[in-house]
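The values are calculated or read from the model by the stated rules, or taken from the named source; none is laboratory data. Quick caveat: nothing in here was measured; it's all calculated off a predicted structure. Here Cβ is always computed from backbone atoms with ideal geometry, including for glycine, and neighbour counts include all displayed protein chains.
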Amino acid sequence: MTTPEQGLWLVSFLLLAIGANTQAPAYPRITTIFQGSTADMWGLAYDPGQNVLYYSRTAYNDLREYNLDSGSENQVAGGLSQPKSMAFSGGKVYFSDTGSSDLKQMDVSNYLVSSLGGSFTVDASGAPKGIVALPDGSLFVADRGANAIQSLQNGMLSPFAGSLAYKPFSLAYNANDADLYFAEEGGNQVFAINVNLCKAGDCSVSVIAGRSGVRKIKDGPGKKTSGTGNGNLATFKGIMSMVHDPISDTLYIGEDFSSGANSESVIRAIDTSSPTYDVTTVAGQSTAVLADDPSTPLKGVREMCILDPNNIAFVDSSNSRIRKLTLTVPQPPPPFPSPPPPPSPLPPLSPSPPSPSPSPPPPSPSPPPSPPPPSP
């Protein structure tokens, strides 16, 4: 027969055993937002006002939307020609219609699509390429075939940085430093142009991370310092997309390298607040990330967008998914503030002393005596 003391000991032991075998979910953590039916998703843009994601499908020549609140998913534009890169700004979705060599926009209030014109140099995979929106509503567009980057301001396209020694493909903008980042398609280096300096005539390009001619996934400092040898620098294997979060001052890189049946897809983070641009792997096959479906690793990472400083949405194209990378344990919302305590009762008022009665007015002076009557 078990005594009460033994029963209490047994319960305590079981609780300790359960706690020892229960682990908190690992972070960063990947979850699926939406699973489609085709492996041709590419571009991705986020409308924070409506909490809606827009994505492009190159083989089906359309744009679709996914409402993060309701879970509804619909086609919003069709009859396009291989749409790829996307950006959202000011109530419009901008996208590269690579099959028609055109930059187009869609008004999210009525889904009307219109061309922005411009001239892009067509290469083997169409034009234009990457698009990034700036806080002021202007855009930068990668014109890979012309080794250039174009600018869209007030609906007008114009050259921004031309005659580059590289073929820009993916773009991102750092609003903290006015740096425009770019990479070549499947490239292994990340480049930067300072927008303010370029407007003044100095469009020099610097390498902030990666080594030319070295293709592998390796973390470490992005830039060489006096105490850093080339062998310690971070390297990349196949850059396909990038996005910058100004709050954390972090540049996220989507990589995908496929060779036959083998595929390596990872998401890297570059600390753009650090002078050495330190690079770490935050998701993918080369790091221990808990996925919602362990049998489906990342495969075909394409465009990404910032939902908030702790959550990044991205296209996992070959797996027909839009997924979310949560970087750290979500913090619970702050509790509602307690109501203020009721005001203390006022002390009773002391009775005022009675006002003194007014003094009577002084008596009026007596009239002077009448004079005596005159003598006869």
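Here Ser114 passes the criteria (1) free of Cβ contacts under 8 Å to residues at least 40 places away in the same chain; (2) closer than 24 Å to Asp308 by Cα except the one numbered (2).
Criterion applied to Ala133, Ala127 was being out of contact with any Leu (no Cβ under 8 Å at 6 or more places or on another chain), under 26 Å from Gly186 (Cβ atoms) and surrounded by 19 or more Cβ atoms within 10 Å (Cβ to Cβ), and the one residue passing it is Ala127.
Answer with yes or no whether Ala165 is touching a Lys or Arg at 6+ places or on another chain (Cβ under 9 Å), in a loop (DSSP other than H, G, I, E, B), over 23 Å from Asp47 (Cβ atoms) and hydrophobic (A, V, I, L, M, F, W, C). Break it down stepwise before answering.
Numbers: touching a Lys or Arg at 6+ places or on another chain (Cβ under 9 Å): no; in a loop (DSSP other than H, G, I, E, B): yes; over 23 Å from Asp47 (Cβ atoms): yes; hydrophobic (A, V, I, L, M, F, W, C): yes.
So Ala165 fails the test.
Before we move on, is Thr250 at pLDDT below 95 and among the polar types (S, T, N, Q)? For Thr250, the condition - at pLDDT below 95 and among the polar types (S, T, N, Q) - is not met.
Can you tell me which residue within the range 290-318, out of those that are buried (at least 21 other Cβ atoms within 10 Å of the Cβ) and more than 14 Å from the chain's Cα centre (by Cα), is modelled with the lowest pLDDT? Taking the candidates together, the pick is Leu298. For the range 37-67, taking the residues that are of a type in the set (A, V, I, L, M, F, W, C) and free of Cβ contacts under 8 Å to residues at least 60 places away in the same chain, the one that is surrounded by the fewest Cβ atoms within 10 Å (Cβ to Cβ) is identified as Ala59. Take the conditions among the basic types (Lys, Arg), in contact with a Ser or Thr (Cβ under 9 Å, 6 or more places away or on another chain) and without any contact (Cβ under 8 Å) to a residue 60 or more places away in the chain and apply them to Lys104. Does it pass? For Lys104, the condition - among the basic types (Lys, Arg), in contact with a Ser or Thr (Cβ under 9 Å, 6 or more places away or on another chain) and without any contact (Cβ under 8 Å) to a residue 60 or more places away in the chain - is met.
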